[in-house]
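Asks: Structure in C-alpha cells, see below.
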There are 2 protein chains.
Amino acid sequence: MSDTSPEQLDQILAAAAAAAGPLGAALPAERAGWIRAAADALDAAADELVPIAMRETGLPEARLRGEVARSSGQLRMFADALVDGALLDVVIDTADADAKPVPRPDLRRTLVPLGPVLVFAASNFPFAFSVCGGDTASALAAGCPVVVKAHPGHPEVSVRTAEVMTEALGKAGAPDGTLGLVTGFEIGVQALQDARVKAGGFTGSVPAGLALHKVAANRPEPIPFYGELGSLNPVFVTPAAVAARGAGIATGYVGSFTLGVGQFCTKPGLLFLPTGHGLQEQLVDAVTGVAEARMLNDRIAQGFSTGLERLAQVGGVRVWASGDGATLLQTTVPELLARRDEILEECFGPVSIVVEYANEDELLSGVEAFGGNLTATLHGEPEDAELAARLLPMLTDRAGRVIWNGWPTGVAVTWAMEHGGPFPATVGSVHTSVGVTAARRFQRGVSYQDTPD
Amino acid sequence: MSDTSPEQLDQILAAAAAAAGPLGAALPAERAGWIRAAADALDAAADELVPIAMRETGLPEARLRGEVARSSGQLRMFADALVDGALLDVVIDTADADAKPVPRPDLRRTLVPLGPVLVFAASNFPFAFSVCGGDTASALAAGCPVVVKAHPGHPEVSVRTAEVMTEALGKAGAPDGTLGLVTGFEIGVQALQDARVKAGGFTGSVPAGLALHKVAANRPEPIPFYGELGSLNPVFVTPAAVAARGAGIATGYVGSFTLGVGQFCTKPGLLFLPTGHGLQEQLVDAVTGVAEARMLNDRIAQGFSTGLERLAQVGGVRVWASGDGATLLQTTVPELLARRDEILEECFGPVSIVVEYANEDELLSGVEAFGGNLTATLHGEPEDAELAARLLPMLTDRAGRVIWNGWPTGVAVTWAMEHGGPFPATVGSVHTSVGVTAARRFQRGVSYQDTPD
C-alpha cells in the first residue's frame, strides 16, 4: 500500500477541519447515534475484518474477535456517556449579588471539542488501539473529527476498518470528514505539524512518542499530545503470599507475561520473589511449556530477538528458561540496582525477569528502582498489612494503576480505569487513555457568563 | 535583591522534593488546615504587605486589599474543595464477574499530586497571580509543593508573602519545603529543567510563555506546563444594543479597558460597533477624562509607549482620543482584515480600538479574524436572538469564557469559571487556571484494582 500523498493529506485535513463545526455542534444524542452506527457496522464486519487482521498480525481469531467486541463496546460506552451528559461535565454557579469581594455573575461551564485529532495507531492491537480504538472513540465522543495514522504492521485491516466506519458514519448522517485515514511515517509527522490538527494521541515506543511529542510542542501553535509509551509493570510478591499460594502466583505470572505473545503494554516485565521461594522449577516448567507463536510482524520479532540477546548478556542476569515460546530470566535486587538502566530497558515480547530479594529492605529498594509505569502489582496476605501500607504509596507514586493480588494484563474499559502513569509510561498527559475520562483529553472548558438559554 | 544562587536553588528544590511525599500523603482535612493557616496569615499581614505592593507596583490600596482578600478567599475555597472530596474526584466501579467481553475487577480511581510545581508569577497581580495566587493555591490543594519564581516587578512583596505563608504553613504542621521562592530569570529556567520539578504554571506574555513551554516539553522527562499568555478579549455590540443602551455600553467599555491601568489579561482590546452608532463623542469624552496613573513598572510603561506608537501608525487606524490616562483608537472591519496581524498584536496597557462594521457580514468577518482568547463578549437585545445563535458558536470556538451583556474584567473564582482558551490565550492546557478545576492541572489519576481498604 502506497503512502498518503501530501495532496491527499491536504484533502483529508481539509475535510476534518470542515467537519469540526457540525460535529461539535451536533446534539449529544445525535452524535451518539453516529458513534453507535459505527459500532454496529464494526460488529457486522467482524467476519471480514478479523481474517485480515489474523493474516497481518498473526494474532489468533478469538483474541481478535474479543478486540472487535471491546472496540464496539467502547464506542457504545462513550455514546452512553455522551447521552447521559457525563462528557459535558456541566457546572453551574448561579449569580450572587452579595458575593465578596465582588458580586458574582451567573456562570455555566461546559466542555467543548478541541477540533481535529490525529491518532497514531499502535502495532499490538489492530482494533482496540488502532482505527476503531480508544483514542478514536474518545475523540469522536468529545466531538472531534479524527484522522488516524495507520500502523504499518496492519495496513489492510486499517483501511477496511476506516471504510466500514466511514460508510456507517455517513449513512447515519455524520459530517463528511468525521473520520480519515493516512499512511506513511513522513506523512504522519507532516499531519502533526499541520495547523488544522488540534491534538494528537499516540500509543507506541518511548523514542517514537517522545519525538512526536516534541513535534507537537514545538509547532508555532503547540497542541496537546498524549502519548502512551513504555511500561515494565513490576509485580511484587510477599513471603506470606508465596507461602499461601505460590503455585497459583507462578501460573498466573507466566500466563500474564506470555499473553498475546508478551506484546501487551501491561505485560509484567519483572516478578519480585523472596529468596528461597522454591518456585523456580514450576516457573521453568511453565515457561518451557509455552508454545511458539508468531509475533506481530518481522520488525517486532527482530527487535525482540535483539533485545533478548542484549538482556541475557547483562551481568548478573541468568537464563532460567529458554523455551520455544517464552524466556524467563533471573537476577537479584543488588544486581538489578548495580545495572539498573540495562536491566530495566523494556523488551517487548514474551520475556520476563524474576528478581529475588533477600529481605524487606531489598524489596523496598527494588520498588524504588522504578520510574513511571502503567501498573504496579502487589501480591500479599492479610498479615502483610503493615508492609502493604508502606508499599502502596510507593507504588502509587510510580504507576497509574495499583493492583492487589491480580495481574496487570486485561484493562477494563470503565469510568474508574486509569491507563496512564508518570513518565515514561505516558508523555504530555495527566489523563487516562482508557476509560470514559479519556475524552477529556480532547475537550476544553468554556464558561458562559450571564448568557441566556 | 540578588538572584537565587544555583546552590540555593538546589536546596530549595531538595526541600520541595522531600516535602512531596508527606504533603501528598496528608489527609485532606489536614492539608486543608495548613492551607487555611496560610490564608489567615495572609489576611493578618495585609497591613504590612499592601504598602510594599503599592510602592512596587503603583497599584492603589483598595485594589491591592481586594487582591489579598481574593487570594486568601481562593486558598480557603481550595481547602473547602479538598475537605468535601471534590478534588479527589473518586470514581468507583464495583466488580462484575459477568461483564463482557471479560469479567471486571473492582476499580477505584482517584487523583494524586504530580509532585513539586514551579509557578512563574505574573507582573500585574502582585497577590492574586503571584506567590499566594491561584497557581500556588491549586497546586497546594492538589498536594504539590510549590516553588514560586518571583516576578521582578514586585520582588519585596514576593519575598515577604513567601515568608508569611511559609511561617504559617510550618506552624500549622505542613512539611518544610511546602512553599519556596526563587528569583532571577536564569534561575527560573534552570529550575524548570530540574528533574525534581514535575509541572509548571505561568502567567505572562506569549513569547515568554512559549519559550518556557518548550523548555518543559524538551526536557529528558517532559512535564506538563500550563501557560496563560495573551488575549485581546473582543466585545461585539449589535445595533439593537446600541439603540437600547448605547450610553451605558460606552461607559462600561471605557471603565473596563482602563481598569487597573489596562493591565488585566481580560482587558477588552477591541469594541465592535455598527457604523452610525453615534457614540464617538461620549467615548472620546470618557477616555479623555481618565486620570493618568502609574503603570506596574518602567519596563511595562516603556513597552506600552512603544506598542501604542506602533499601533497608532498602522494604516487604517485613527486616534480618536489621546488622554493623560488612556487612548482610544478607531478602525473599520475592512481595514482590520487588511492589516489583521498588525492591528491584533496585543498592546498591554490602557488602550483599546473601536472597530466599526457596516453590516452583519462585516460583523461576522470581524469575529472570524480572531484566534484564541480568554474571553469574547456579545452585547445584544432579545430581538438579536437569531444573530446571537449564529455568533455564540463562533465565540465559543475562540474563547474560554463567553459573556453576554457584561464586561470581561473581573474574574469570579468559582467552580464554573473558565480562565483559559485556545492558543495563544493558553499553551499546554486543556484546563482552566482559575476556579476549582485548576487543581486538576497538577493531579493525575490512579486506579486501585481489588485493593483492600
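Read-outs throughout are calculated quantities, based only on the coordinates presented, and are distinct from any laboratory measurement. Note that the structure is a prediction, hence the values are computed from the model and not measured. A quick note on method: Cβ atoms are made from the backbone with ideal geometry, for glycine too, and the neighbour counts reach across all protein chains shown.
Asks: Conditions first: (1) away from every other protein chain (no Cβ under 14 Å); (2) in a loop (DSSP other than H, G, I, E, B). B:A14 passes all but one, so which condition is the exception?
Replies: Exception for B:A14: condition (2).
Yes/no matrix, rows are residues, columns are (1) free of Cβ contacts under 8 Å to residues at least 12 places away in the same chain; (2) out of contact with any Asp or Glu (no Cβ under 8 Å at 6 or more places or on another chain); (3) β-branched (V, I, T):
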{"position": "B:H154", "(1), (2), (3)": "no, no, no"}
{"position": "B:A195", "(1), (2), (3)": "no, no, no"}
{"position": "B:A211", "(1), (2), (3)": "yes, yes, no"}
{"position": "B:P222", "(1), (2), (3)": "yes, yes, no"}
{"position": "B:E228", "(1), (2), (3)": "no, yes, no"}
{"position": "B:V235", "(1), (2), (3)": "no, yes, yes"}
{"position": "B:T238", "(1), (2), (3)": "no, no, yes"}
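Asks: When the residues of the stretch A:281-298 are narrowed to those that are free of Cβ contacts under 8 Å to residues at least 60 places away in the same chain and part of a helix (DSSP H, G or I), which ends up farthest from A:R245 (Cα to Cα)?
Replies: Applying the first criterion (free of Cβ contacts under 8 Å to residues at least 60 places away in the same chain) to the stretch A:281-298 yields A:281-282, A:284-289, A:291-292, A:298.
Now narrow it down to the ones that are part of a helix (DSSP H, G or I): A:281-282, A:284-288, A:298.
Numbers: A:E281: 15, A:Q282: 13, A:V284: 17, A:D285: 17, A:A286: 16, A:V287: 18, A:T288: 21, A:D298: 38 Å.
Per the criteria, the residue is A:D298.
Asks: When you scan the stretch A:87-170 for strands (runs of 3 or more DSSP E) that lie fully inside it, which ones turn up with 3 or more residues that are surrounded by 24 or more Cβ atoms within 10 Å (Cβ to Cβ)?
Replies: Working: elements: A:91-93, A:107-113, A:117-120, A:146-149.
Answer list for the stretch A:87-170: A:107-113, A:117-120, A:146-149.
Asks: Can you name every residue in the stretch B:261-280 that is among the aromatic types (F, W, Y) and outside any loop (DSSP other than H, G, I, E, B)? Break it down into steps so the answer makes sense when it comes.
Replies: So in the stretch B:261-280, the residues among the aromatic types (F, W, Y) come out as B:264, B:272.
Passing the criteria: only B:F272.
Asks: Moving on to the next point. Can you tell me which condition B:I343 does not meet? The list is (1) surrounded by 19 or more Cβ atoms within 10 Å (Cβ to Cβ); (2) within 12 Å of another protein chain (Cβ to nearest Cβ), and all the others hold.
Replies: Among (1) surrounded by 19 or more Cβ atoms within 10 Å (Cβ to Cβ); (2) within 12 Å of another protein chain (Cβ to nearest Cβ), the lone unmet condition for B:I343 is (2).
Asks: Provide a single number: the residues in the stretch B:224-239 that are within 14 Å of chain A (Cβ to nearest Cβ) and hydrophobic (A, V, I, L, M, F, W, C).
Replies: Residues that pass the stated criteria total 4.
Asks: If you go through the stretch B:208-223 one residue at a time, how many are part of a helix (DSSP H, G or I) and at the interface with chain A (Cβ under 7 Å from one of its Cβ atoms)? I'd like the intermediate steps shown before the answer.
Replies: Taking the stretch B:208-223 and keeping what is part of a helix (DSSP H, G or I), we get B:208-217.
Filter once more, so that each one left must be at the interface with chain A (Cβ under 7 Å from one of its Cβ atoms): B:213-214, B:217.
Number of matching residues: 3.
Asks: Being within 16 Å of B:P145 (Cβ to Cβ) and in contact with a strand residue (DSSP E or B) (Cβ under 7 Å, 6 or more places away or on another chain) is true for just one of B:L9, B:L88. Which residue is that?
Replies: Details: B:L88 fails: within 16 Å of B:P145 (Cβ to Cβ).
Just a single option satisfies the conditions, and that option is B:L9.
Asks: Let me ask you something else. Could you run through the stretch A:298-340 and say how many residues are among the acidic types (D, E), exposed (fewer than 14 other Cβ atoms within 10 Å of the Cβ) and more than 25 Å from the chain's Cα centre (by Cα)?
Replies: So in the stretch A:298-340, the residues among the acidic types (D, E) come out as A:298, A:309, A:324, A:335.
Restricting the remaining residues to those that are exposed (fewer than 14 other Cβ atoms within 10 Å of the Cβ) gives A:298, A:309, A:324.
Going one step further and asking which of them are more than 25 Å from the chain's Cα centre (by Cα), we end up with A:309, A:324.
Residues in the stretch A:298-340 being among the acidic types (D, E), exposed (fewer than 14 other Cβ atoms within 10 Å of the Cβ) and more than 25 Å from the chain's Cα centre (by Cα): 2 in total.
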